[in-house]
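Here's the structure, in structure tokens; my notes come after.
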Amino acid sequence: MRLALFDLDNTLLGGDSDHAWGDYLCERGILDGDAYKSRNDAFYQDYLAGRLDITDYLNFSLEILGRTEMAQLDQWHREFMRDCVEPIILAKGEALLAEHRAAGDKLVIITATNRFVTGPIAARLGVETLLATECEMADGRYTGRTTDVPCFREGKVTRLERWLAETGLSLEGASFYSDSLNDLPLLERVTRPVAVDPDPKLRAEAERRGWPVISLR
């Protein structure tokens, strides 16, 4: 079975779900808008520039999960899906998923964004396998900390290789679609790397290497 691997943010989505979640919390007054948004925007710029300290960012972004009851988090996420995610789901992205599904490929979303944010998005897109940054839980609720290897840069390769060992699948013939130079370590590992609406650095790298460049916008 061939694998079709997909980054999520700015690839299948016309935006960044992690950043949008922070904006959602600020716009509804759940978090201090000015202070949080300023730090969230700074982290996002670091991500775009390829210099994000993933540990610092996760400590910042997951703190709200640790101090909120699960029922409240679930309600917020339903509103977030309706108001913020649905409008940025790309029709061409859904069509690409359908194309690979029809070809009998195994669909996998592999994303640096945490599982709390992305689990319902993957389900909405009909993708059963999600490799994401994990949120630690204890006594049935989130602690506000991350656990396991963050699914980011080389961490995506680490997490994917572990999953391959567990499932007995391989990267032979695999495709990986991504917009970001941060995903270069995994793009280099697959048979068919595809740059999707890429950032300038990935576009230059893809053109240099002769990789396909496509748009889902």
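The values are calculated or read from the model by the stated rules, or taken from the named source; none is laboratory data. If you're wondering where the values come from, they're calculated on a predicted model, not measured in any experiment. Each accessible area value is taken on the protein alone, full model and side chains, heavy atoms only, with ligands, DNA and RNA left out. Shrake-Rupley method; radii C 1.70, N 1.55, O 1.52, S 1.80 Å.
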Given a 1.4 Å probe and every protein chain left where it sits, what share in percent of the accessible area of the range 3-214 is carbon and sulfur? 48
When we measure straight from the Cα of Lys106, which aspartates and glutamates land under 16 angstrom away, once same-chain ones fewer than 8 places off are left out? Asp7, Glu94, Glu128, Glu161, Glu166, Glu172
For the Cα atoms of the chain, what angle does the longest principal axis make with the long axis of helix 70-80, in degrees from 0 to 90, nearest 10? 60
Probe 1.4 Å, heavy atoms of protein chains only: per residue, the accessible area of the range 1-119 in Å² is 44
Obtain the radius of gyration and the Kirkwood radius of the range 149-217 from its C-alpha atoms and give Rg over Rh. 0.99
To the nearest 10 degrees, how steep is helix 91-102 against the longest Cα principal axis of the chain, on a 0 to 90 scale? 50
Can you give the angle from 0 to 90° between the axis of helix 115-124 and the longest principal axis of the chain, with both taken from C-alpha atoms, to the nearest 10? 60
Considering the alpha-carbon set of the range 3-214 alone, what are its Rg and its Dmax in angstrom? 16.8, 50
Cα radius of gyration and Dmax for the range 1-93 (Å): 14.5, 48
Restricted to the chain, the DSSP antiparallel beta bridge percent, nearest 5, is 20
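Tell me, what is the Rg over Rh of the range 92-217, with Rh the Kirkwood radius over Cα pairs?
Across the range 92-217, the Cα-based Rg/Rh ratio is 0.98.
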